[in-house]
1. When 214, 59, 350 are ordered from fewest to most other Cβ atoms inside 10 Å of their Cβ, what list results?
2. Mean residue ellipticity at 222 nm from the helices of the chain, using -39,500 (n - 2.57) per DSSP H segment of n ≥ 4 over the full residue count, to the nearest 500 deg cm²/dmol?
3. May I ask you to list the residues of the range 104-124 whose amide nitrogen lies under 17 Å from a point 7 Å from Cα along the Cα→beta-carbon direction of residue 179?
4. Can you tell me the orientation of helix 304-315 relative to the chain, as the angle in degrees between its alpha-carbon axis and the longest Cα principal axis, to the nearest 10?
5. Multiplying the sequence separation of residue 18 and residue 210 by 0.36 nm and subtracting their Cα-Cα distance, what value in nm do you get?
6. Need the full-extension length gain, residue 55 to residue 324, defined as separation in residues times 0.36 nm minus the C-alpha distance. One decimal, nm.
7. Pairing the Cα long axis of helix 83-92 with the longest principal axis of the chain, what angle in degrees results, from 0 to 90 and rounded to the nearest 10?
8. In terms of the Cα gyration tensor, with a ≥ b ≥ c the square roots of its eigenvalues, is the range 1-104 rounded because a/c is under 1.5, prolate because a/b exceeds b/c, or oblate?
């Protein structure tokens, strides 16, 4: 790899949120990065990439792209069930790899990806960009300050009725397919799990899940619920539902030994999952013995992810979201479903 510049490639330029284009723009926005190649097996998507980036080489075959020696980093922006095989192929070709969230579908896939990165001595990072959402950043600051004491209870609830979540978007039928997407908890729920795991400084001990499916229009579950127990005693509940006629009136509820946080701010429930840049504006409330105050969200800044990744690759800073962090998220998602089937809490293989 060049010691001063990271040459990147985007794999996947399909219609999902125009996400391939967005990744390319974010990568290009970092002074030490540039996009040198794009790959999509669809001739139509490849043609669109050529139109959008006329100075970038465009491929429809990943093997051909990986043969280029002037590529240091590959960003995989494809459906969830393709992530593991594509990431391993890129790592084996000697490329640092970023994979969209969730990093894969199963725990064995996640472990195979982690092992492939170690063998190749390359970085595997997971694009959990929504750690940089404005409300998450602001809430994290209050938690880290110690103002509400030791956190012992967290709820993150995205609930509503009808097509209010991303797997219902027209033109993206794969998001409604459990075999491709992983299921109802693997979309917005993957963000919520990552938020909780990055906020609680403790290992997990067990996960309990409750999954419900009613409608014939999708193989994904209509409501999913995961409860995580941590070694330090904290318990976190994550619920995602598109069948809640009356949902919870908040997105976040965090209880600590000295106070609490509730986030039911600017359209936080109804529009949250439809906002590409996180909740726009808004505020949340903090209550302690000293009283209650309202704090504004910070700005959302998803592009920071690639700047942090450049800092890691060029100067040895921490990986923005490591493969091991990504595997913890997959551990919760898959273990919650296993618990729903077994009817009991399940231990986690990667805490």
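None of the figures in this text is laboratory data; all of them are computed from the coordinates on show. Every value quoted in this text rests on a predicted model; they were computed, and no experiment measured them. Glycine gets a Cβ as well: all are built from the backbone with ideal geometry, and neighbour counts include every protein chain shown.
1. 214, 350, 59
2. One gets -9500 deg cm²/dmol as the mean residue ellipticity at 222 nm.
3. 105-106
4. 60 degrees
5. 65.9 nm
6. Net length gain for the segment: 93.3 nm.
7. So the inclination is approximately 50 degrees.
8. Note, shape of the range 1-104 comes out rounded.
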